[in-house]
Amino acid sequence: MTEAVIALKNVSLTLGEGASSVHVLKGVSLDVASGEATGIVGPSGSGKSTLLMVLAGLERVDSGTVRIAGELLNGKSEDQIASFRGRNIGIVFQSFHLIPNMTALENVAVPLELAGHENPFGVAARELEAVGLSDRVTHYPGELSGGEQQRVAIARALAPSPRILIADEPTGNLDQATGRQVADLLFAKAAERGMTLVLVTHDPALAARCSRQVSMRSGRIEDAPEPVPKPGKVPA
(Lines give C-alpha, C1' and ligand atoms only; values in the text may rest on other atoms or scores of the structure.)
Protein backbone atom coordinates (compact mmCIF):
# COMPACT_ATOMS: atom_id res chain seq x y z
CA MET A 1 0.00 0.00 0.00
CA THR A 2 1.28 3.49 -0.88
CA GLU A 3 2.25 5.60 2.11
CA ALA A 4 -0.21 8.35 3.03
CA VAL A 5 2.02 11.41 3.46
CA ILE A 6 -1.06 13.39 4.53
CA ALA A 7 -3.63 11.80 6.83
CA LEU A 8 -6.50 13.78 8.34
CA LYS A 9 -9.06 12.02 10.48
CA ASN A 10 -12.38 13.58 11.51
CA VAL A 11 -10.93 17.11 11.58
CA SER A 12 -13.17 19.97 12.72
CA LEU A 13 -12.30 23.65 13.00
CA THR A 14 -14.28 26.74 14.02
CA LEU A 15 -12.91 30.21 13.32
CA GLY A 16 -13.99 33.32 15.21
CA GLU A 17 -15.84 33.54 18.50
CA GLY A 18 -19.38 33.94 19.72
CA ALA A 19 -21.96 35.13 17.20
CA SER A 20 -19.27 35.65 14.55
CA SER A 21 -17.89 32.10 14.78
CA VAL A 22 -17.97 29.96 11.65
CA HIS A 23 -17.73 26.16 11.64
CA VAL A 24 -15.31 25.98 8.68
CA LEU A 25 -14.31 22.28 8.67
CA LYS A 26 -16.79 19.62 9.75
CA GLY A 27 -15.44 16.12 10.32
CA VAL A 28 -13.00 16.12 7.40
CA SER A 29 -11.05 12.91 6.75
CA LEU A 30 -8.55 12.73 3.89
CA ASP A 31 -5.53 10.65 2.90
CA VAL A 32 -3.07 11.84 0.25
CA ALA A 33 -0.52 9.37 -1.10
CA SER A 34 3.16 10.20 -1.34
CA GLY A 35 3.93 11.65 -4.77
CA GLU A 36 0.29 12.30 -5.61
CA ALA A 37 -1.09 15.49 -7.18
CA THR A 38 -4.42 16.36 -5.55
CA GLY A 39 -6.71 19.22 -6.53
CA ILE A 40 -9.08 20.59 -3.89
CA VAL A 41 -12.15 22.07 -5.57
CA GLY A 42 -15.48 23.50 -4.49
CA PRO A 43 -17.41 26.77 -4.23
CA SER A 44 -16.12 29.82 -2.36
CA GLY A 45 -16.51 29.39 1.39
CA SER A 46 -16.44 25.61 1.27
CA GLY A 47 -13.29 25.40 3.42
CA LYS A 48 -10.68 24.67 0.74
CA SER A 49 -8.08 27.24 1.76
CA THR A 50 -8.62 26.55 5.45
CA LEU A 51 -7.95 22.87 4.77
CA LEU A 52 -4.63 23.83 3.18
CA MET A 53 -3.75 25.94 6.22
CA VAL A 54 -4.43 22.92 8.44
CA LEU A 55 -2.17 20.76 6.25
CA ALA A 56 0.58 23.37 6.58
CA GLY A 57 0.19 23.64 10.35
CA LEU A 58 -0.92 27.27 10.03
CA GLU A 59 -4.29 26.55 11.65
CA ARG A 60 -4.82 24.33 14.69
CA VAL A 61 -7.84 22.05 14.62
CA ASP A 62 -10.46 21.86 17.38
CA SER A 63 -10.75 18.09 17.10
CA GLY A 64 -9.53 15.20 15.00
CA THR A 65 -5.97 14.26 14.07
CA VAL A 66 -3.54 15.77 11.56
CA ARG A 67 -0.62 13.55 10.57
CA ILE A 68 1.81 14.94 8.00
CA ALA A 69 4.88 13.11 6.70
CA GLY A 70 4.48 10.58 9.49
CA GLU A 71 4.34 13.15 12.31
CA LEU A 72 1.30 14.04 14.40
CA LEU A 73 0.90 17.83 14.45
CA ASN A 74 -1.64 17.79 17.28
CA GLY A 75 0.07 18.84 20.50
CA LYS A 76 3.22 20.28 18.91
CA SER A 77 4.28 23.77 19.97
CA GLU A 78 4.29 26.68 17.50
CA ASP A 79 8.09 26.49 17.28
CA GLN A 80 8.00 22.74 16.67
CA ILE A 81 5.39 23.15 13.93
CA ALA A 82 7.36 25.98 12.31
CA SER A 83 10.50 23.86 12.29
CA PHE A 84 8.58 20.89 10.89
CA ARG A 85 6.98 23.05 8.19
CA GLY A 86 10.35 24.51 7.19
CA ARG A 87 11.71 21.01 6.55
CA ASN A 88 8.69 19.31 5.01
CA ILE A 89 6.23 21.76 3.43
CA GLY A 90 6.61 24.36 0.68
CA ILE A 91 3.76 26.86 0.22
CA VAL A 92 2.78 28.91 -2.83
CA PHE A 93 0.12 31.59 -2.30
CA GLN A 94 -2.12 33.35 -4.82
CA SER A 95 -0.71 36.77 -3.88
CA PHE A 96 2.97 35.68 -3.98
CA HIS A 97 3.82 36.97 -0.44
CA LEU A 98 7.29 38.16 -1.44
CA ILE A 99 9.19 40.63 0.76
CA PRO A 100 9.18 43.87 -1.29
CA ASN A 101 12.51 45.27 -0.10
CA MET A 102 14.40 42.05 -0.83
CA THR A 103 15.71 40.87 -4.19
CA ALA A 104 14.50 37.66 -5.79
CA LEU A 105 17.65 35.93 -4.55
CA GLU A 106 17.15 37.18 -1.00
CA ASN A 107 13.48 36.18 -0.98
CA VAL A 108 14.36 32.61 -1.91
CA ALA A 109 17.28 32.47 0.53
CA VAL A 110 15.28 33.66 3.57
CA PRO A 111 13.71 30.31 4.59
CA LEU A 112 17.05 28.57 4.08
CA GLU A 113 18.81 31.11 6.29
CA LEU A 114 16.16 30.69 8.98
CA ALA A 115 16.69 26.92 8.84
CA GLY A 116 20.45 27.34 9.27
CA HIS A 117 21.36 26.07 5.79
CA GLU A 118 25.09 26.25 5.14
CA ASN A 119 24.75 27.72 1.62
CA PRO A 120 21.41 29.57 1.38
CA PHE A 121 22.36 31.91 -1.47
CA GLY A 122 23.92 29.18 -3.57
CA VAL A 123 20.78 27.05 -3.29
CA ALA A 124 18.58 30.11 -3.94
CA ALA A 125 20.52 30.89 -7.13
CA ARG A 126 20.12 27.30 -8.36
CA GLU A 127 16.39 27.33 -7.65
CA LEU A 128 15.89 30.62 -9.48
CA GLU A 129 17.78 29.17 -12.44
CA ALA A 130 15.53 26.09 -12.28
CA VAL A 131 12.44 28.29 -12.68
CA GLY A 132 13.96 30.30 -15.53
CA LEU A 133 14.93 33.43 -13.59
CA SER A 134 18.72 33.30 -13.52
CA ASP A 135 18.81 36.77 -15.12
CA ARG A 136 16.45 38.30 -12.52
CA VAL A 137 18.15 37.39 -9.24
CA THR A 138 18.96 41.00 -8.30
CA HIS A 139 15.52 42.37 -9.16
CA TYR A 140 13.02 43.38 -6.51
CA PRO A 141 9.40 42.11 -6.60
CA GLY A 142 8.18 45.51 -7.86
CA GLU A 143 10.47 45.13 -10.87
CA LEU A 144 9.04 41.72 -11.81
CA SER A 145 5.88 40.76 -13.65
CA GLY A 146 3.18 38.77 -11.85
CA GLY A 147 4.32 35.56 -13.50
CA GLU A 148 7.92 36.22 -12.52
CA GLN A 149 6.92 36.94 -8.94
CA GLN A 150 5.06 33.63 -8.77
CA ARG A 151 8.13 31.87 -10.16
CA VAL A 152 10.19 33.40 -7.35
CA ALA A 153 7.55 32.16 -4.88
CA ILE A 154 7.77 28.67 -6.38
CA ALA A 155 11.58 28.72 -6.16
CA ARG A 156 11.28 29.77 -2.50
CA ALA A 157 8.86 26.89 -1.82
CA LEU A 158 11.13 24.37 -3.56
CA ALA A 159 14.41 25.54 -2.03
CA PRO A 160 14.27 23.49 1.22
CA SER A 161 13.42 20.33 -0.81
CA PRO A 162 10.13 19.70 1.01
CA ARG A 163 8.19 16.46 0.72
CA ILE A 164 4.93 18.35 0.22
CA LEU A 165 4.16 21.32 -2.02
CA ILE A 166 0.97 23.25 -1.19
CA ALA A 167 -0.48 25.82 -3.60
CA ASP A 168 -3.48 28.04 -2.88
CA GLU A 169 -4.94 29.40 -6.15
CA PRO A 170 -1.40 29.65 -7.62
CA THR A 171 -2.65 31.06 -10.95
CA GLY A 172 -5.49 33.18 -9.54
CA ASN A 173 -3.72 36.54 -10.03
CA LEU A 174 -2.31 35.73 -13.47
CA ASP A 175 -3.62 35.96 -17.03
CA GLN A 176 -4.47 32.72 -18.79
CA ALA A 177 -1.21 32.29 -20.69
CA THR A 178 1.01 33.15 -17.72
CA GLY A 179 -1.12 30.98 -15.46
CA ARG A 180 -0.60 28.05 -17.80
CA GLN A 181 3.17 28.55 -17.70
CA VAL A 182 3.19 28.71 -13.90
CA ALA A 183 1.02 25.58 -13.69
CA ASP A 184 3.37 23.76 -16.08
CA LEU A 185 6.25 24.70 -13.79
CA LEU A 186 4.50 23.55 -10.62
CA PHE A 187 3.54 20.16 -12.00
CA ALA A 188 6.92 19.62 -13.67
CA LYS A 189 8.94 20.42 -10.54
CA ALA A 190 6.70 18.33 -8.28
CA ALA A 191 7.02 15.37 -10.65
CA GLU A 192 10.79 15.77 -11.14
CA ARG A 193 11.40 15.79 -7.39
CA GLY A 194 8.81 13.24 -6.35
CA MET A 195 6.93 15.76 -4.25
CA THR A 196 3.33 15.47 -3.13
CA LEU A 197 1.35 18.37 -4.61
CA VAL A 198 -1.88 19.66 -3.07
CA LEU A 199 -3.51 22.66 -4.69
CA VAL A 200 -6.72 24.63 -4.30
CA THR A 201 -8.17 26.05 -7.49
CA HIS A 202 -11.36 27.41 -9.02
CA ASP A 203 -9.96 26.63 -12.49
CA PRO A 204 -11.43 23.36 -13.85
CA ALA A 205 -8.59 23.03 -16.37
CA LEU A 206 -5.98 23.27 -13.63
CA ALA A 207 -7.85 20.83 -11.40
CA ALA A 208 -8.08 18.37 -14.29
CA ARG A 209 -4.29 18.18 -14.43
CA CYS A 210 -4.20 16.57 -10.99
CA SER A 211 -4.28 12.82 -10.60
CA ARG A 212 -7.48 13.20 -8.57
CA GLN A 213 -9.87 15.90 -7.46
CA VAL A 214 -11.32 16.22 -3.95
CA SER A 215 -14.59 18.17 -3.85
CA MET A 216 -15.60 20.23 -0.83
CA ARG A 217 -18.89 21.86 0.07
CA SER A 218 -19.98 23.59 3.29
CA GLY A 219 -16.92 22.45 5.23
CA ARG A 220 -17.19 18.80 4.29
CA ILE A 221 -15.54 16.59 1.70
CA GLU A 222 -18.27 15.77 -0.79
CA ASP A 223 -16.26 13.47 -3.03
CA ALA A 224 -12.74 12.05 -2.67
CA PRO A 225 -11.60 9.25 -5.01
CA GLU A 226 -9.04 6.82 -3.68
CA PRO A 227 -5.50 8.27 -3.55
CA VAL A 228 -3.08 7.37 -6.32
CA PRO A 229 0.69 7.18 -5.97
CA LYS A 230 1.95 9.72 -8.50
CA PRO A 231 0.86 12.80 -10.47
CA GLY A 232 -1.21 12.12 -13.56
CA LYS A 233 -0.13 13.12 -17.04
CA VAL A 234 -0.96 16.57 -18.28
CA PRO A 235 -3.80 16.46 -20.83
CA ALA A 236 -2.77 17.43 -24.33
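The values are calculated or read from the model by the stated rules, or taken from the named source; none is laboratory data. All of these numbers come straight from a predicted model, not from anything done at the bench. Here the Cβ positions follow ideal geometry from the backbone for every residue, glycine too, while neighbour counts run over all protein chains shown. Surface areas here come from the heavy atoms of the whole protein model, side chains and all, with no ligands, DNA or RNA. Shrake-Rupley method; radii C 1.70, N 1.55, O 1.52, S 1.80 Å.
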key: Value of relative contact order over the chain, rounded to a whole percent, pairs C-alpha under 8 Å and six or more apart   = 29 percent
key: Per-residue HN-Hα couplings for segment 108-120 [Karplus 6.51, -1.76, 1.60; θ = phi - 60°; Hz; x = Gly/Pro]   = 6, 6, 3, x, 5, 4, 4, 7, x, 5, 6, 9, x
query = Roughly how many Å² is the accessible area per residue of segment 1-116, as a whole number, for a 1.4 Å probe?
reply = 46 Å²
task = Could you pull the accessible area for Ile221 with a 1.4 Å probe, rounded to 10 Å²?
result = 40 Å²
request  = Can you grab the distance from the C-alpha centre of segment 38-89 to the C-alpha centre of segment 9-35, Å, no decimals?
outcome  = 10 Å
query = Based on DSSP H runs of at least 4 residues, each adding -39500 (n - 2.57), what is the mean residue ellipticity at 222 nm of the chain after dividing by all its residues, to the nearest 500 deg cm²/dmol?
reply = -10000 deg cm²/dmol
query = Hey, any idea what % of the chain's accessible area is carbon plus sulfur with a 1.4 Å probe?
reply = 49 percent
query = What share of Cα pairs, in percent, lie more than 21 angstrom apart in the chain?
reply = 56 percent
task = Compute the length gained on full extension between Asn74 and Asn10: take 0.36 nm times their separation in residues and subtract their Cα-Cα distance, giving the result in nm to one decimal.
result = 21.7 nm
request  = Give me the aspartates and glutamates in straight-line cross-link reach of Lys26: C-alpha distance below 18 Å, same-chain residues under 8 apart excluded.
outcome  = Glu17, Glu59, Asp62, Glu222, Asp223
ask   = Dipole size in debye (nearest 20) for the chain around its Cα centre, Lys and Arg Cβ +1, Asp and Glu Cβ -1?
value = 520 debye
inquiry  = I need to check one value: relative contact order of segment 1-117, counting alpha carbon pairs closer than 8 Å and at least 6 residues apart, in percent.
reply    = 25 percent
query = Is there a pair in Lys76/Lys189; Lys9/Lys48; Lys9/Lys189 whose C-alpha atoms are over 22 Å apart, and which pairs would that be?
reply = Lys76/Lys189; Lys9/Lys189
ask   = Restricting attention to segment 71-159, which trypsin sites (Lys or Arg not before Pro) occupy a DSSP loop and are surrounded by at most 16 other Cβ atoms within 10 Å?
value = Lys76
